[in-house]
1. Scan region 617-624 and give yes if some residue there is out of contact with any Leu (no Cβ under 7 Å at 6 or more places or on another chain) and either open to solvent by less than 10 Å² (accessible area, probe 1.4 Å) or touching a residue at least 40 places away in the same chain (Cβ under 8 Å) (or both), otherwise no.
2. Look at Glu466 and say whether it is in contact with a Leu (Cβ under 9 Å, 6 or more places away or on another chain), among the acidic types (Asp, Glu) and farther than 30 Å from Glu589 by Cα.
3. Within region 380-431, track down each residue that is closer than 18 Å to Pro363 by Cα, among the polar types (S, T, N, Q) and either open to solvent by less than 70 Å² (accessible area, probe 1.4 Å) or not in a helix (DSSP H, G or I) (or both).
4. Filter region 1061-1090 down to residues that are aromatic (Phe, Trp, Tyr) and in a strand (DSSP E or B) and give me whichever is surrounded by the most Cβ atoms within 10 Å (Cβ to Cβ).
5. Please indicate, with yes or no, whether at least one residue in region 150-168 is touching an Asp or Glu at 6+ places or on another chain (Cβ under 8 Å), of a type in the set (A, V, I, L, M), within 21 Å of Leu189 (Cβ to Cβ) and in the same structural domain as Ala194 (by the TED database).
6. For region 305-327, give me each residue that is surrounded by 13 or more Cβ atoms within 10 Å (Cβ to Cβ) and either assigned to a loop (DSSP other than H, G, I, E, B) or not assigned by the TED database to the domain that holds Gln278 (or both).
Amino acid sequence: MLPGKRAVGGEVVADAGEDSHNTESLSKRHKIDCLISSATATMTGTAATTTAMGGNVNDNSSYSSGNGKAPIVAFGDGNAQDIDEDLHSRQLAVYGRETMRRLFASNILISGMQGLGAEIAKNLILAGVKSVTLHDEGSVELWDLSSNFIFSKDDVGKNRALASVQKLQELNNSVVISTLTTELTKKQLSDFQAVVFTDISTEKAIEFDDYCHNHQPPIAFIKSEVRGLFGYVFCDFGPEFTVFDVDGEDPHSGIIASISNDNPPLVACVDDERLEFQDGDLVVFSEVEGMTELNDGKPRKIKNARPYSFTFEEDTTNYAAYQKGGIVTQVKQPKVLNFKPLRQTLEDPGDFLLSDFSKFDRPPLLHLAFQALDKFISELGRYPVAGSEDDAQKLISLATDINNSSADGKLEEIDQKLLRNFAFGARAVLNPMAAMFGGIVGQEVVKACSGKFHPLFQFFYFDSVESLPAEPLDPSDLKPLNSRYDAQISVFGSKLQKKLEDAKVFIVGSGALGCEFLKNVALMGVCCGNQGKLTITDDDVIEKSNLSRQFLFRDWNIGQAKSTVAATAASLINPRLHIEALQNRASPETENVFDDTFWENLSVVINALDNVNARLYIDQRCLYFQKPLLESGTLGAKCNTQMIIPHLTENYGASRDPPEKQAPMCTVHSFPHNIDHCLTWARSEFEGLLEKTPAEVNAYLTSPTEYTSAMKNAGDAQARDNLERVLECLDKERSEIFQDCITWARLKFEDYFANRVKQLTFTFPEDAVTSNGAPFWSAPKRFPRPLHFSVDDPSHLHFVMAASILRAETFGIPIPDWVKYPKKWADAVNKVIVPDFQPKKDVKIVTDEKATNLSTASIDDAAVINELAMKLELCQKQLPPGFKMNPIQFEKDDDTNYHMDLIAGLANMRARNYSIPEVDKLKAKFIAGRIIPAIATSTAMATGLVCLELYKVLDGGHKLEDYRNTFANLALPLFSMAEPVPPKVIKHQDMSWTVWDRWILRENPTLRELLQWLKNKGLNAYSISYGSCLLYNSMFPRHKERMDRKMVDLAREVGKAELPAYRRHFDVVVACEDDEDNDIDIPQISIYFR
């Protein structure tokens, strides 16, 4: 959830990929193949056609190399037509099936396999394109090891493309990976839907881009470079490129409350949710009663959009009067983009995509700088040498000449200092820059192949010169040392390299973000020195769905500890990495592991978490020990980074996102009006029927006397409900054979989707009115209709099948072989006798939106509980010896366990009751399983941005204005960078402090010494507390007897403090006032007693 400020997604956020189309199911048991392919499906995809996206689908997976040599091909198993939903579920939540199918049909060329090429290849292979061809004519150098996670020292001297194949193939066996190692020809480009160049001259790029631009259909051309702390992307997807979905967001909708007969008509919507429409949006109307002329499916243009109303272009004066109901839904329109070729845009680049408004004049200068660098290389046959003033002046001179010869867009002034920095780092490919641009370019390739999301149009320039050391660099410090970090040293110098190597870093989380961070810090040399140490912790294990993003994991690692596997993989990237992997969740319960000494020795903490509560805990620890915290998160194509720097910035917890709006309980249970409500109810029913009730049964059977005593002592409606459910499960609904489970499932269908609806509409008929005379069934309420069960309806039969099988599992009943045959199912279900139902009068149905409990209390609860306890005792005696139930915990990521089948069935049948559009099992999984959408590209970009900040943190001495927080949305694309917010400052006399300050008293002080210490600061303490216990209050005379007691003794005796051996201090909260009796909010005080 990444509303305004931060992603919680995080995992946010986090996973990696491979073996995506493994035909061997990792199922808990064999999935029964029933006829029911259409059981819950409403969302279907069609075969991919990439011609509209500017690419040709080539079904053969081998390419002509143009010189008669066959390319070397790694043996993947080719793309299966079906999408492996277990593997790609998080990616499917972002792209949808249609985009995934288009990706599976796409052939990609990546030319230039240095750090940037490797990152792009990784992200596309994880995404699951059909094939990736790697092109590079050069050989691996020691220099490449600064940025390329694929290469090791053993690869030095080998062709870069050939050395990359094996490790990239491990990421996803269903992608065909080929290599080309000789000079490319234009003709070879026709084999691909998209081509990416990371190391090519401008002259050659223009030649190739002209060919791609004019090809029929056009071939998407992307050119990207990272040079030191500078980088850019250029995109050309052809003269007419169609974007089918510009932002990837679901169409907005609203529930209509009224429509006027007017010109233009005013549409008012119910006020439970703000409308997200904008002027110019096209919408369609449906389900409108009265003014049915609007139900014609014709898109209408919105005007005067407001939070709860809008007008549209039409005259409804003579239409029938609006009566009730109606949904208005946004219609997303395709967009056609007219890309210009590189030849033209070099002279006239148009508008640049900005990332940092403090650098609004930077892109034109970088546009000039990269042209000057290309000319430098073409004239001298090499890159500028780091630290060479002559080379820097030569590049500045070339830039000046190009600028002077420019007819339009000539810069009035050239920043020579910036160009000098550019020249010094021009040969280096830095890992954080490669990671960031690898995410951006990877996403652009996906856009080119699918038409999903708005492409970058057409140039994007970026720099992070603020990452350079705060102190000026001596050119001699930039010289290579014949080490794997030479490229990085050429930019930052050997002094900062030593700081990186000796850092002590704590990475919290080892999912998608964690894997990327481990790769980045290993390549940067962080914690790779004799004094350095990296600690990573994660209490989770690897699941199949992780493999599409958490790229350090392989399918054979499923079930193993994430942190251990990731640490081992990171050590292979850089064997000098000093890393310790732990499986502890960082929380108050593990402060004996992550103790004071651990925290005090850290240089920096990097969060790689997927939930807000864990982030807040780490934030408090970093605040307490005054440690820098680098925070990031992702949600689909969005990502954000936040720098939390002691005394410079506010902390993570200083601002909170508003809580997510929850639907009222009565809406979910009786008056749903969207599929989310139905799925929330379905998940609740699943857990009640299959987990909570069997667990209650086992709790009772384990200790009947204690259980019933506890229920009697509670004596409330909840206790009554618990006993009723346990008795029902063990008595009239107890299943002994599989047919009993079928009977239970069939009767559940009748209860949920027929009887309850009949009762509801009996209690509140369609013409019912509220106490003030308004129609009861007015928007957003939808009037329901009961379902009539039919074995000929596959979705009805599928519901009974899933419910029966799971019911049998809770009772330990074996499932017979005949369940594979639909006809047998129909016969078994037809045997069930369904009693007639008559609605009852005076049934209470909760309609209060503020109600939090649907159980209604009764004055005779205690008597009913006693009666139920007696019945249970009799029932227990009839159970077989040792009888226990098997509670089922919901597991969304196993498609063979019937959990999602039942939840989708429950939700869709309920949706059918209320005429709400149904969803397929995959969409149901996203909503009911609360799956956080995630893709590799946004994760890579976020971690690259964070590691650019890591240079600043470990260097020390940087000012607030040097740091950057980022919000990015690769779908739009949008990049928004800004300085962090400083912390709030509190002042008293000549002192000032912020949330970062903690006052420390050593030498085991007494209460009197603490009070005097504060008095010396002009502060009069009137209350001192430890936790919830008051150690001192000036109003209590007896507390004055404590004056000469040691504070630690008071904490132990009065505050009942448990201070284990690893704790050297404890904290107290002191309430103070100044001499004028004004309350002063002072920092927390830590008292050291050892």
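The values are calculated or read from the model by the stated rules, or taken from the named source; none is laboratory data. This is a predicted model, so every value here is computed, not measured. Here the Cβ is made from the backbone with ideal geometry for all residues, glycine too, and neighbour counts use every protein chain on show. Note: accessible area is taken over every heavy atom of the protein model, side chains too, but ligands, DNA and RNA are not part of it. Shrake-Rupley method; radii C 1.70, N 1.55, O 1.52, S 1.80 Å.
1. Our first condition is that a residue be out of contact with any Leu (no Cβ under 7 Å at 6 or more places or on another chain); within region 617-624, this holds for 617, 620-621, 623-624.
Remaining after also requiring either open to solvent by less than 10 Å² (accessible area, probe 1.4 Å) or touching a residue at least 40 places away in the same chain (Cβ under 8 Å) (or both): 623-624.
Yes - at least one qualifying residue is present in region 617-624.
2. On the way: in contact with a Leu (Cβ under 9 Å, 6 or more places away or on another chain): yes; among the acidic types (Asp, Glu): yes; farther than 30 Å from Glu589 by Cα: yes.
For Glu466, the condition - in contact with a Leu (Cβ under 9 Å, 6 or more places away or on another chain), among the acidic types (Asp, Glu) and farther than 30 Å from Glu589 by Cα - is met.
3. Thr400, Asn403, Ser406, Asn421
4. Residues of region 1061-1090 that are aromatic (Phe, Trp, Tyr), as a first pass: 1062, 1066, 1088-1089.
Then keep just the ones that are in a strand (DSSP E or B); that gives 1066, 1088.
Numbers: Phe1066: 20, Tyr1088: 15.
Here the residue is Phe1066.
5. Among the residues of region 150-168, at least one is touching an Asp or Glu at 6+ places or on another chain (Cβ under 8 Å), of a type in the set (A, V, I, L, M), within 21 Å of Leu189 (Cβ to Cβ) and in the same structural domain as Ala194 (by the TED database), which makes the answer yes.
6. Step one: filter region 305-327 for residues surrounded by 13 or more Cβ atoms within 10 Å (Cβ to Cβ), giving 305-306, 308-312, 314, 316, 319-320, 322-327.
Selection gives Ala305, Arg306, Tyr308, Glu314, Thr316, Tyr319, Ala320, Tyr322, Gln323, Gly325, Gly326.
For (1) in contact with a strand residue (DSSP E or B) (Cβ under 9 Å, 6 or more places away or on another chain); (2) free of Cβ contacts under 8 Å to residues at least 12 places away in the same chain; (3) part of a helix (DSSP H, G or I), each residue gets a yes or a no:
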site	(1), (2), (3)
Tyr461	yes, no, no
Glu466	no, no, yes
Pro469	no, no, no
Ser476	no, no, yes
Asn482	no, no, no
Ser490	yes, no, yes
Lys495	no, no, yes
Lys498	no, no, yes
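Table: residues versus (1) closer than 30 Å to Asn1078 by Cβ; (2) open to solvent by less than 80 Å² (accessible area, probe 1.4 Å); (3) in a strand (DSSP E or B).
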| site | (1), (2), (3) |
| --- | --- |
| Glu961 | no, no, no |
| Phe967 | no, yes, yes |
| Leu972 | no, yes, no |
| Ser976 | no, yes, yes |
| Pro983 | yes, yes, no |
| Lys987 | yes, no, yes |
| Asp997 | yes, yes, no |
| Ile1000 | yes, yes, yes |
| Leu1011 | yes, yes, no |
